[in-house]
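Structure first, commentary second.
The values are calculated or read from the model by the stated rules, or taken from the named source; none is laboratory data. Please read these numbers as outputs of a predicted model, since none were measured by experiment. Reconstructed Cβ throughout: ideal geometry from the backbone, glycine too, with neighbour counts over all protein chains shown.
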Amino acid sequence: MPARYPVADLVVFATALLRGAGLEADKAETVTEVLVEGDLLGHNTHGLALLAGYLADLEKGAMTKVGDPKVIADFPAAVTWDGNHLPGPWLVTRAINLAMARAKTNGTCTISIRRSHHIACLASYLQRVTDRGLMVILTCSDPAAKGVAPHGGRRDVMTPNPLAAAWPTDGEPVMLDVSMGITTNAMTRRAANEGRKLPGQWFVDGAGQPTNDPAAVFANPPGAIMPMGGADHGHKGYALGLLVEALTAGLGGFGRADRPEGWMANVFLQVINPAMFGSREDFVRQTSYLAEACRATPPRPGFERVRLPGEAGLRRRAEQLAQGVELYPAIMPALAPWAQRLGVAVPMAKG
């Protein structure tokens, strides 16, 4: 069984590692908050599993340690920043705070960030917006990376391009975070390293044949991840992946056409204030009615009940806050050398 760690101990540990690697205090604290939130929600490839890679990029100068984003455009409801490879979680959190403030008076605010460093788990940002009675859409792509083949192709062209959104109801918010690839690069790499097959034919090998073996992606010739929908309906994930690229690289004015290098992200963020459209009351009345209708639907065989997107993550978050965060077994061994190098004590597992 994976080890569990008290949340507070993980926060102290990760913050100390980032500070030891030279990241400014406010940036280190924000990055830690977002990474730990990812693990709390159960996204264990996009929580503290990312920290060793972030520390490596800080060490070699690929993640910018100090400073602010460059403002490219600033209109009341439309903002563009150049992130200059600053920490992605810090940039996105700062953008959310700005977008929420402007949406209160403008009804909506959209922020495009180009050349951010990696932004971690998209679901980690959502509840801070819905807690204010607002709706959020967040998506990103990495113009320097690939992984996913277009539908009908056998070579990778795009990243998995996650899309997240959330909105309030009269109870818990609805929260979604889905990849336009049928799986993520991180999950593919982890499964290949562990010699595991995945549940379906989610990949194409170098000859273009569907396979459940993630190792095919890294073979010679290389394969690729299929778009969401797989061999049958992958045209849907492919189309949505193109949409994400237009919203991120297109609106930000920087992307694959510029042949960038390094671990980065282009980001599209939009916050919507329901009170400036119909009314907040009517918005919640509609979202709550549909949420309840979904929950009340009789389940088909094999399902205990119908759940809403994000519901399982919120349950897992509450359980882990109380009982400790269940870290994936490979995470602490990857961080232990960094802790030794930076003189930071490794937290003790519970029990």
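Can we say THR64 is farther than 17 Å from ALA164 by Cβ, out of contact with any strand residue (DSSP E or B) (no Cβ under 9 Å at 6 or more places or on another chain) and either among the aliphatic types (A, V, I, L, M) or not in a helix (DSSP H, G or I) (or both)? So THR64 passes the test.
Within region 38-63, being surrounded by fewer than 23 Cβ atoms within 10 Å (Cβ to Cβ) and of a type in the set (D, E, K, R) holds for ASP57, GLU59, LYS60.
One residue stands out among those in region 64-80 that are farther than 14 Å from LEU98 by Cβ and charged (D, E, K, R): the one that is surrounded by the fewest Cβ atoms within 10 Å (Cβ to Cβ), which is LYS70.
Take LEU176 and decide whether it is aliphatic (A, V, I, L, M) and not in a strand (DSSP E or B). Criteria not met by LEU176. Evaluated against (1) surrounded by fewer than 20 Cβ atoms within 10 Å (Cβ to Cβ); (2) more than 29 Å from THR169 (Cα to Cα); (3) aliphatic (A, V, I, L, M), ALA275 falls short on exactly one condition, (2). Name the residue that is surrounded by the fewest Cβ atoms within 10 Å (Cβ to Cβ), counting only residues in region 4-25 that are more than 21 Å from GLU319 (Cβ to Cβ) and without any contact (Cβ under 8 Å) to a residue 12 or more places away in the chain. Per the stated criteria, the residue is ALA25. Checking the structure you have, find out if any residue of region 208-226 is of a type outside the set (Val, Ile, Thr), more than 30 Å from ALA52 (Cα to Cα) and out of contact with any helix residue (DSSP H, G or I) (no Cβ under 6 Å at 6 or more places or on another chain). Among the residues of region 208-226, at least one is of a type outside the set (Val, Ile, Thr), more than 30 Å from ALA52 (Cα to Cα) and out of contact with any helix residue (DSSP H, G or I) (no Cβ under 6 Å at 6 or more places or on another chain), which makes the answer yes. Looking across region 109-132 at every residue that is among the hydrophobic types (A, V, I, L, M, F, W, C) and more than 22 Å from ASP68 (Cα to Cα), the one that is farthest from the chain's Cα centre (by Cα) is identified as VAL129. Here is the figure for region 291-347: residues that are of a type in the set (A, V, I, L, M, F, W, C), within 23 Å of ALA21 (Cα to Cα), out of contact with any strand residue (DSSP E or B) (no Cβ under 9 Å at 6 or more places or on another chain) and assigned to a helix (DSSP H, G or I) total 7. Evaluate the following for VAL217: is it β-branched (Val, Ile, Thr), touching a residue at least 12 places away in the same chain (Cβ under 8 Å), within 28 Å of TYR328 (Cα to Cα) and part of a strand (DSSP E or B)? Answer is no for this residue.
Criterion applied to ASP205, ASP258, ASP170, ASP232 was being touching a helix residue (DSSP H, G or I) at 6+ places or on another chain (Cβ under 7 Å) and either loosely packed, with under 15 Cβ neighbours inside 10 Å or in the same structural domain as TYR289 (by TED's automatic domain parsing) (or both), and the one residue passing it is ASP170. Kindly check whether there is at least one residue in region 74-86 that is in contact (Cβ under 8 Å) with a residue 24 or more places away in the chain and either under 28 Å from GLU326 (Cβ atoms) or assigned by TED's automatic domain parsing to the domain that holds ARG317 (or both). Within region 74-86, none of the residues are in contact (Cβ under 8 Å) with a residue 24 or more places away in the chain and either under 28 Å from GLU326 (Cβ atoms) or assigned by TED's automatic domain parsing to the domain that holds ARG317 (or both).
Counting only residues that are among the aromatic types (Phe, Trp, Tyr) and under 20 Å from THR45 (Cβ atoms), which one in region 294-351 is surrounded by the most Cβ atoms within 10 Å (Cβ to Cβ)? Among those residues, the one meeting the criterion is TRP338.
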